[in-house]
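Here's the structure, in structure tokens; my notes come after.
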Amino acid sequence: MFKRNLAKFNQAMGFQRSSYWQKVQPGSDLSTKETAPNSSHPVTNEAVSDDANYSSWMVDHPSALTSFDQMMKDAKGKKIVVFLDYDGTLSPIVNDPDCAFMSDEMRAAVREVAKYFPTAIISGRSRDKVKGFVQLNNIYYAGSHGMDIMAPPRPVRSSDGKYHTVSLDRKGNDAVFQPAQKFLPAIQKILKELEEAIMKIPGARVENNRFCASVHFRQVREEDYGTLEEKVKSILKHYPDFRLGWGKKVMEIRPSIEWDKGNALEYLLDTLGLGNCTDVLPLYIGDDKTDEDAFKVIQKRGQGCPIVVTSSPKDTKASYSLYEPSEVLTFLLRLARWRKSSSSSRSVLSQVWGVSG
């Protein structure tokens, strides 16, 4: 009932988003592009239908911005842990995967959130690559869909009473967790074969994401999609320990192990000593199919805030939605301001990194 009333409130207040869409050719940075309401493009029946479909979808997936006060009311007395996807969430989807830069404003917002809450970025990119984009040291990084996790530096008191900054796991070792380590030699072979197989397909690109191989086809002509898929699958059939997944204009080859972003979320909660706590509220924001694994984990836990970033209706396990990265920025800034206003500065450090005590 709350969500349905909230959706009606959104519409009454003008919060529903514009759906004046213009189709663009394959190979552009998006399959559809939003056009301003005052543009010269006419409003078509299709656009009106899109708007109605999105408004209807938001009844069950209301905006996390207009739902914010209720979400924080539900979070009262709980430990919030923030999880973020990267591409399409903190940065826009772009043609060249090497140019998916986050804005300085978004970086500052993530930095501010991490001052108050344990924060992790879980991406399909390699850990080193996503860390190079984000450039923050006070968060967790989980690359390769969670198959490569590094904890952030934490202050630790040594025997002489001084503090040193190191990355530790709960056993006192460097906090690097890589459940697919044994597959690295095979992944290198797959990458080489992929490069050779697709070199004659214009626009196709292979990306080494350490524990998975990505084949981008955002700039490939639509008539070449079938050929590209056949070439990728012909290579994969020689590697039975790997499977093929799909993202936004990307094919991903990764080890067939029971590990995904949902497992990474659970591992990180365990690392913080919060895995079995009943007063923990994981908040996860993501836009891709692979983020659904994390949404499912939150749903199974029975409490948390799974938030999907999407500009069109989609099947999802998320409870809330944000329209695009700019709304993610607004949400993160609001979250940090809420926490700052509701806590004293002297208790922040213990609540962020000393969550068990």
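Scanning region 273-304 for residues that are open to solvent by 30 Å² or more (accessible area, probe 1.4 Å) and of a type in the set (D, E), which turns out modelled with the lowest pLDDT?
Looking only at region 273-304, we keep the residues that are open to solvent by 30 Å² or more (accessible area, probe 1.4 Å), and these are 276-279, 289, 293, 296, 299-303.
Retained after the next criterion (residues that are of a type in the set (D, E)): 279, 293.
Numbers: D279: 93, D293: 96.
The selected residue is D279.
Residues are listed down the side, and each one gets a yes or a no for (1) closer than 21 Å to I80 by Cβ; (2) aliphatic (A, V, I, L, M); (3) within 12 Å of the chain's Cα centre (by Cα):
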{"residue": "P255", "(1), (2), (3)": "no, no, no"}
{"residue": "L269", "(1), (2), (3)": "yes, yes, no"}
{"residue": "P282", "(1), (2), (3)": "yes, no, no"}
{"residue": "G302", "(1), (2), (3)": "yes, no, no"}
{"residue": "S321", "(1), (2), (3)": "yes, no, no"}
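Among what's in region 115-140 and is part of a helix (DSSP H, G or I) and of a type outside the set (V, I, T), pick the residue that is surrounded by the most Cβ atoms within 10 Å (Cβ to Cβ).
Quick first cut of region 115-140, residues part of a helix (DSSP H, G or I) only: 115-116, 127-134.
From the residues that got through so far, the ones that are of a type outside the set (V, I, T) too are 115-116, 127-129, 131-133.
Details: K115: 15, Y116: 20, R127: 24, D128: 13, K129: 21, K131: 18, G132: 10, F133: 19.
Here the answer is R127.
Do you know which residues across region 207-231 are hydrophobic (A, V, I, L, M, F, W, C) and buried (at least 22 other Cβ atoms within 10 Å of the Cβ)?
Here is the first cut: in region 207-231, the ones hydrophobic (A, V, I, L, M, F, W, C) are 211-213, 215, 217, 220, 228.
Listed by number, the residues that qualify are F211, C212, A213, V215, F217.
Restricting attention to region 96-109, does a residue exist that is of a type in the set (S, T, Y) and in contact with a Phe, Trp or Tyr (Cβ under 9 Å, 6 or more places away or on another chain)?
So the first thing to find is which residues in region 96-109 are of a type in the set (S, T, Y), and the list is 103.
Now restrict to residues that are in contact with a Phe, Trp or Tyr (Cβ under 9 Å, 6 or more places away or on another chain): none.
So far as region 96-109 goes, no, none of its residues is of a type in the set (S, T, Y) and in contact with a Phe, Trp or Tyr (Cβ under 9 Å, 6 or more places away or on another chain).
Out of all the residues in region 92-114, which are open to solvent by less than 40 Å² (accessible area, probe 1.4 Å) and modelled with pLDDT of 95 or more?
Of everything in region 92-114, those that are open to solvent by less than 40 Å² (accessible area, probe 1.4 Å) and modelled with pLDDT of 95 or more turn out to be M102, M106, R107, A109, V110, V113, A114.
Please list, ordered by residue number, the strands (runs of 3 or more DSSP E) wholly in region 146-228 having 3 or more residues that are at pLDDT below 95. Please lay out each step first, then the result.
Working: elements: 148-150, 154-157, 163-166, 205-208, 213-216.
So the answer is 148-150, 154-157, 163-166.
Could you please let me know if E258 is modelled with pLDDT under 95 and either of a type in the set (D, E) or surrounded by fewer than 23 Cβ atoms within 10 Å (Cβ to Cβ) (or both)? Even if it seems obvious, please write down each step before you answer.
Numbers: modelled with pLDDT under 95: yes; either of a type in the set (D, E) or surrounded by fewer than 23 Cβ atoms within 10 Å (Cβ to Cβ) (or both): yes.
Judged against the criteria, E258 is a match.
Have a look at L283, L329 and point out the one that is part of a helix (DSSP H, G or I) and not β-branched (V, I, T).
Working: L283 fails: part of a helix (DSSP H, G or I).
Only one candidate qualifies: L329.
Condition (residue is open to solvent by less than 40 Å² (accessible area, probe 1.4 Å) and assigned to a loop (DSSP other than H, G, I, E, B)) applied to region 68-84: is it met by at least one residue? Don't jump to the end; show me each part of the working.
Step one: of region 68-84, the residues open to solvent by less than 40 Å² (accessible area, probe 1.4 Å) are 68, 71-72, 75, 80-84.
In the following step, the residues that additionally are assigned to a loop (DSSP other than H, G, I, E, B) were identified as none.
Checked region 68-84: no residue is open to solvent by less than 40 Å² (accessible area, probe 1.4 Å) and assigned to a loop (DSSP other than H, G, I, E, B).
Could you figure out which of (1) in a helix (DSSP H, G or I); (2) in contact with a helix residue (DSSP H, G or I) (Cβ under 7 Å, 6 or more places away or on another chain); (3) at pLDDT below 95 isn't true of D270?
If we test D270 against (1) in a helix (DSSP H, G or I); (2) in contact with a helix residue (DSSP H, G or I) (Cβ under 7 Å, 6 or more places away or on another chain); (3) at pLDDT below 95, just (2) comes out false.
The values are calculated or read from the model by the stated rules, or taken from the named source; none is laboratory data. Being a predicted model, the structure only gives us computed values, none of them experimental. Positions of Cβ are backbone-derived with ideal geometry, glycine not excepted, and every protein chain shown enters the neighbour counts. What goes into the accessible areas is simple: the full protein's heavy atoms, side chains included, and nothing from ligands, DNA or RNA. Shrake-Rupley method; radii C 1.70, N 1.55, O 1.52, S 1.80 Å.
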